[in-house]
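This report refers to the structure that appears directly beneath it.
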Amino acid sequence: MDARIFLISLCFLCVSSDYVIKKNCKEATPSLCSIHNVVVEPCLRGPRLCIVKPEKSYSINVDFTPHFSANGLKVAMYSDEKKTNSFETAIKTPADGCGLVACPLVAEERKNFDLQFTLAKMSPGKFPIKMKIYDEDDETRQCCFTFNVKIRK
């Protein structure tokens, strides 16, 4: 009986989370970071875009290898709901990243972390979300990527 419950739970997990198609940020130097996988849960209709609802809790798992060292880290998420490439709306304001991964950050050491986020009330439509993981002393040393979501009410 317990094995059946485990299998059903595993099937639900596979259906509700998905890898997302990500792109490097234009302002980031691609040689400074390798983003291996990004998983959003729940991510209906992934991997091209996740269908999300405002004011609902989501989780993102990021698997990356920084090619730089840092004593302190910041993590931030922004949306570009106006599609102006400005990423003006903060989903997660810059916060301490050392609570997510061990600091100091060591170059070439693969890291993995989970972050919870909620989208505020937004107009329905498709737009990108940007996530930055960066050295708090030098913001040019960063891992940065975007992925697409579609807001559905």
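The values are calculated or read from the model by the stated rules, or taken from the named source; none is laboratory data. The model shown is predicted, which means the values in this text are computed figures rather than measured ones. In this analysis, Cβ positions are derived from the backbone assuming ideal geometry, glycine residues included, and neighbour counts consider all displayed protein chains. For the accessible areas, the whole protein counts, side chains as well, though only heavy atoms, and no ligand, DNA or RNA atoms are used. Shrake-Rupley method; radii C 1.70, N 1.55, O 1.52, S 1.80 Å.
Residues in region 17-50 that are at positive phi and of a type in the set (Val, Ile, Thr): there are none.
Within region 98-153, being farther than 20 Å from Glu41 by Cα, open to solvent by 50 Å² or more (accessible area, probe 1.4 Å) and in contact with a Lys or Arg (Cβ under 6 Å, 6 or more places away or on another chain) holds for one residue alone: Glu136.
For region 58-93, a residue qualifies if it is among the acidic types (Asp, Glu) and either free of Cβ contacts under 8 Å to residues at least 24 places away in the same chain or open to solvent by less than 60 Å² (accessible area, probe 1.4 Å) (or both), and the qualifying residues are Asp63, Asp80, Glu88. Number of residues in region 98-130 that are closer than 25 Å to His67 by Cβ, under 13 Å from the mean Cα position of the chain (by Cα) and not basic (Lys, Arg) equals 7.
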